[in-house]
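*Asks:* Below is a structure I'd like to ask you about.
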There are 2 protein chains.
Amino acid sequence: MKRLLIASSGNPEALAERFRATLPDYEILTQAPGQDAEPVPYVVAGKPGSGVFAATPGIKAILSLNAGVEHLIANPEIAADVPIVRLVDQELALGMSEWVLAEILAWHRNLGAYQAAQAITEWTPLKEKLARDRTVTVLGAGALGRPVVEHLVRFGFHTRVWSRTGREIDGATAFSGQDGLADAVEGADVLVTLLPLTAETENLINAALLGRLADGAFVVNPARGAQIVDDDLIAALDSGKLSGAALDVFRTEPLPADHPFWRHPKILVSPHVAAPTHADSAVTQMTEAIRRHERGDPLPHLVNRDAGY
Amino acid sequence: MKRLLIASSGNPEALAERFRATLPDYEILTQAPGQDAEPVPYVVAGKPGSGVFAATPGIKAILSLNAGVEHLIANPEIAADVPIVRLVDQELALGMSEWVLAEILAWHRNLGAYQAAQAITEWTPLKEKLARDRTVTVLGAGALGRPVVEHLVRFGFHTRVWSRTGREIDGATAFSGQDGLADAVEGADVLVTLLPLTAETENLINAALLGRLADGAFVVNPARGAQIVDDDLIAALDSGKLSGAALDVFRTEPLPADHPFWRHPKILVSPHVAAPTHADSAVTQMTEAIRRHERGDPLPHLVNRDAGY
């Protein structure tokens, strides 16, 4: 019998049940079987504890439950020649667009300010701007960045998109490379990162980059916590350079109770919920990838370890 | 010299300055001149105090500064044969779409719940739904309703649109008439009204209609306060039938300090800011309407007093 391991610290049984339906010819494991066991060609990987990959023999491919795979690339238990498949799921992109637009529109239309005014029974209309009065820069033009950019353009925001390769998206201004980055963020009112976490993007959002934004800018991070230098972000908020930040991801998750982000009046903390993996759709995609691989067809969305995503 | 009166309790001078540039052949008044003065063919009307229209002779047309004109239709000082022009301004529609989508997306993605969790340092991801798991009903398919419906459809919400005439909008299900209304709201997760205030729409959103919504539904009113029965809304929130309401308009504005909406934990109050009139664009439109009318061409966006808008 063919075997598949679900290596997740979450709820592997819920996924296992789905895979038993979609891959009835497979034995579905939720525990690493040990190196002396029968081979396990496919591993569906969330963020398992250490030792799991080392205790799984005969891995032919790893299918990530997340769009971000930096923890798998960095895992020394995974042989360098084992292909890793990113989760590129329409549903991740849908959820991400909703969340990013919710945060940007709520900031843009002062919903937080009106909530604060309501708390003190204050009726004070603010000067409302239209989307076309704001510039939004999106870092990343991939499966997640593109739909966000498209929604922003439809609302009428001046939209800039920065990517490694300078990918063009209708209605937005495209930028690329390190020089392009400075231009892409110069004077922007909103900065959103949808980049993968790589050696290049770690600490990318630092004091120098934040300093280029417009005064009173807003930063949105639903990507990876380590892309932002925490202390630089807090300094920019405290100086008044930034008016706020919506953060869904953090260097350590759950965000430690003593982290200053929790109590900062200009920071909105949410618990990594911008683009949750939807089990049904993830299982459908992975099943399809496995069937293709069985037939000798290439795996889709293969991770490029050099690029880091 | 031709004469134009700006009848607004707001800041008539700011508008007057713009009209002096766009209509240099006109004398621009900001005070009613009295019945014995020279005629004033055009009146640009916000919500002036009583007596203003009675003290203005020779009115040939009234140009509303607002999309809603129920206060002008009901004003006994305005002769029944004086045409009233609604403000149908692309910018009103843009602002409205931004605000409505901001409120719906923020509710849909639990931003308020996460803010409450942050206040007590609690990291608890909720089960996030996608737009396609929600049904949104929009009342009104006109200049304001249509773009809101189009954005909702693009996000993937199941979108229903109800109007007097059953106007169709791509991707949404259209309903019309009194019977259609019950079907349009049945089981909806979000109800948005973008209707004008008329005899038919006053108190439209009452206990019976709210009772048809899905349990835990959300109500959004950026149209007119009198469309909602205040006590019925509060009862539906208190019973748990509704999970929340975002209200931008009220029967009395500013909302009186002792009104229970201010302190209701499930109500978001904002001070009539969803779709502010943008002076430049309004003056451009009105100047064009006046020039057309001078040439003998019909006025655009004429109010139908029988329909009430």
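The values are calculated or read from the model by the stated rules, or taken from the named source; none is laboratory data. Computed from a predicted model, the values in this text were never measured in an experiment. Note: ideal-geometry Cβ built from the backbone for every residue, glycine included; neighbour counts use all protein chains shown. With ligands, DNA and RNA removed, areas are computed over all heavy atoms of the protein, side chains included. Shrake-Rupley method; radii C 1.70, N 1.55, O 1.52, S 1.80 Å.
*Asks:* Could you look through region B:16-26, keep only residues that are touching a helix residue (DSSP H, G or I) at 6+ places or on another chain (Cβ under 9 Å) and in contact (Cβ under 8 Å) with a residue 12 or more places away in the chain, and pick out the one that is nearest to B:K2 (Cα to Cα)?
*Replies:* Out of the qualifying residues, it is B:Y26.
*Asks:* Take A:R251 and tell me if it is open to solvent by less than 40 Å² (accessible area, probe 1.4 Å) and under 25 Å from A:G95 (Cα atoms).
*Replies:* Values: open to solvent by less than 40 Å² (accessible area, probe 1.4 Å): no; under 25 Å from A:G95 (Cα atoms): yes.
Against the criterion (open to solvent by less than 40 Å² (accessible area, probe 1.4 Å) and under 25 Å from A:G95 (Cα atoms)), A:R251 does not qualify.
*Asks:* Can you find a residue that is hydrophobic (A, V, I, L, M, F, W, C) and surrounded by fewer than 19 Cβ atoms within 10 Å (Cβ to Cβ) anywhere in region B:67-74? Let's see the steps before the verdict.
*Replies:* Filtering region B:67-74 down to residues hydrophobic (A, V, I, L, M, F, W, C) leaves B:67, B:69, B:72-74.
Next cut, surrounded by fewer than 19 Cβ atoms within 10 Å (Cβ to Cβ) only: B:74.
Scanning region B:67-74 turns up at least one residue that is hydrophobic (A, V, I, L, M, F, W, C) and surrounded by fewer than 19 Cβ atoms within 10 Å (Cβ to Cβ).
*Asks:* Output yes when any residue across region B:40-54 is modelled with pLDDT of 95 or more, of a type in the set (S, T, N, Q), open to solvent by 30 Å² or more (accessible area, probe 1.4 Å) and out of contact with any helix residue (DSSP H, G or I) (no Cβ under 7 Å at 6 or more places or on another chain), and no when none is.
*Replies:* No: region B:40-54 contains no residue that is modelled with pLDDT of 95 or more, of a type in the set (S, T, N, Q), open to solvent by 30 Å² or more (accessible area, probe 1.4 Å) and out of contact with any helix residue (DSSP H, G or I) (no Cβ under 7 Å at 6 or more places or on another chain).
*Asks:* Here is a follow-up. Kindly provide the set of residues from region A:183-238 that are among the hydroxyl-bearing types (S, T, Y) and more than 23 Å from A:L130 (Cα to Cα), ordered by number. Steps first, please.
*Replies:* Residues of region A:183-238 among the hydroxyl-bearing types (S, T, Y): A:193, A:198, A:201.
The answer is A:T198, A:T201.
*Asks:* Please work out if B:F250 is within 14 Å of chain A (Cβ to nearest Cβ) and in a loop (DSSP other than H, G, I, E, B). Steps first, answer last, please.
*Replies:* On the way: within 14 Å of chain A (Cβ to nearest Cβ): yes; in a loop (DSSP other than H, G, I, E, B): yes.
The answer is yes for B:F250.
*Asks:* From the list B:A119, B:A141, B:A131, exactly one residue is modelled with pLDDT of 95 or more and farther than 22 Å from B:V192 by Cβ. Which is it? Steps first, please.
*Replies:* Working: B:A141 fails: farther than 22 Å from B:V192 by Cβ; B:A131 fails: farther than 22 Å from B:V192 by Cβ.
That would be B:A119, the only listed residue that is modelled with pLDDT of 95 or more and farther than 22 Å from B:V192 by Cβ.
*Asks:* Quick check, is B:A235 within 14 Å of chain A (Cβ to nearest Cβ), on the phi < 0 side of the Ramachandran plot and not charged (D, E, K, R)? Before the answer, list the steps.
*Replies:* On the way: within 14 Å of chain A (Cβ to nearest Cβ): no; on the phi < 0 side of the Ramachandran plot: yes; not charged (D, E, K, R): yes.
In short, no.
*Asks:* When region A:171-182 is examined, which residues are found to be more than 14 Å from chain B (Cβ to nearest Cβ) and either surrounded by fewer than 16 Cβ atoms within 10 Å (Cβ to Cβ) or among the basic types (K, R) (or both)?
*Replies:* To start, the set of residues in region A:171-182 that are more than 14 Å from chain B (Cβ to nearest Cβ) comprises A:172-182.
The answer is A:T173, A:G177, A:Q178, A:D179, A:A182.
*Asks:* Among the candidates A:V161, A:V148, A:V136, A:V85, which residue alone is open to solvent by less than 40 Å² (accessible area, probe 1.4 Å) and either at the interface with chain B (Cβ under 9 Å from one of its Cβ atoms) or free of Cβ contacts under 8 Å to residues at least 40 places away in the same chain (or both)?
*Replies:* A:V161
*Asks:* Please enumerate the residues belonging to region B:88-97 that are of a type in the set (D, E, K, R) and either more than 7 Å from chain A (Cβ to nearest Cβ) or open to solvent by less than 10 Å² (accessible area, probe 1.4 Å) (or both).
*Replies:* Step one: list which residues in region B:88-97 are of a type in the set (D, E, K, R), which gives B:89, B:91.
The one that is of a type in the set (D, E, K, R) and either more than 7 Å from chain A (Cβ to nearest Cβ) or open to solvent by less than 10 Å² (accessible area, probe 1.4 Å) (or both): B:D89.
*Asks:* Please list, ordered by first then second residue, the pairs with beta carbon atoms under 8 Å, 6 or more apart or interchain, first in region A:288-309 and within 14 Å of A:G68 (Cβ to Cβ), second open to solvent by 60 Å² or more (accessible area, probe 1.4 Å) and among the hydroxyl-bearing types (S, T, Y).
*Replies:* Short answer, once both residue conditions are applied: A:V303/A:Y309.
*Asks:* For region B:1-15, give me each residue that is within 18 Å of B:G49 (Cα to Cα) and either in contact (Cβ under 8 Å) with a residue 12 or more places away in the chain or hydrophobic (A, V, I, L, M, F, W, C) (or both). Step through it out loud before you land on a result.
*Replies:* In the first step, residues of region B:1-15 are kept if they are within 18 Å of B:G49 (Cα to Cα); the result is B:4-13, B:15.
Result: B:L4, B:L5, B:I6, B:A7, B:S8, B:S9, B:G10, B:P12, B:E13, B:L15.
*Asks:* Going by the conditions given, is B:V273 facing chain A (nearest Cβ under 9 Å) and open to solvent by less than 10 Å² (accessible area, probe 1.4 Å)? Break it down stepwise before answering.
*Replies:* Values: facing chain A (nearest Cβ under 9 Å): yes; open to solvent by less than 10 Å² (accessible area, probe 1.4 Å): yes.
Yes, satisfied.
*Asks:* Give region A:104-113 a look and list any residue that's open to solvent by 10 Å² or more (accessible area, probe 1.4 Å) and within 7 Å of chain B (Cβ to nearest Cβ), or say none. Lay out the reasoning, then the answer.
*Replies:* At the first step, the residues of region A:104-113 found to be open to solvent by 10 Å² or more (accessible area, probe 1.4 Å) are A:106-107, A:110-113.
A:A106, A:L111 - these are the residues of region A:104-113 that are open to solvent by 10 Å² or more (accessible area, probe 1.4 Å) and within 7 Å of chain B (Cβ to nearest Cβ).
*Asks:* Looking only at region A:189-212, which residues are hydrophobic (A, V, I, L, M, F, W, C) and surrounded by fewer than 23 Cβ atoms within 10 Å (Cβ to Cβ)? Write out each step before concluding.
*Replies:* Restricting attention to region A:189-212, the residues satisfying the condition of being hydrophobic (A, V, I, L, M, F, W, C) are A:190-192, A:194-195, A:197, A:199, A:204-205, A:207-210.
Those that are hydrophobic (A, V, I, L, M, F, W, C) and surrounded by fewer than 23 Cβ atoms within 10 Å (Cβ to Cβ): A:A199, A:L204, A:A207, A:A208, A:L209.
*Asks:* Just to be sure before I move on: is B:R109 among the basic types (K, R) and farther than 22 Å from A:W107 by Cα in the structure I sent? Steps first, please.
*Replies:* Values: among the basic types (K, R): yes; farther than 22 Å from A:W107 by Cα: no.
No: the conditions fail for B:R109.
*Asks:* Hey, A:V100 hits all of (1) open to solvent by 10 Å² or more (accessible area, probe 1.4 Å); (2) closer than 22 Å to A:T252 by Cα but one; which does it fall short on?
*Replies:* For A:V100, the failing item is (1).
*Asks:* Quick check on A:F155: is it open to solvent by 30 Å² or more (accessible area, probe 1.4 Å) and either at the interface with another protein chain (Cβ under 9 Å from one of its Cβ atoms) or at pLDDT 95 or above (or both)?
*Replies:* Working: open to solvent by 30 Å² or more (accessible area, probe 1.4 Å): no; either at the interface with another protein chain (Cβ under 9 Å from one of its Cβ atoms) or at pLDDT 95 or above (or both): yes.
So A:F155 does not fit the description; no.
*Asks:* Next question, about the same structure. State whether one or more residues within region A:254-262 are touching a Phe, Trp or Tyr at 6+ places or on another chain (Cβ under 7 Å) and open to solvent by 50 Å² or more (accessible area, probe 1.4 Å).
*Replies:* yes
*Asks:* Restrict the check to region B:277-293 and report whether at least one residue is modelled with pLDDT of 95 or more, closer than 19 Å to B:W99 by Cα, within 12 Å of chain A (Cβ to nearest Cβ) and part of a loop (DSSP other than H, G, I, E, B).
*Replies:* no
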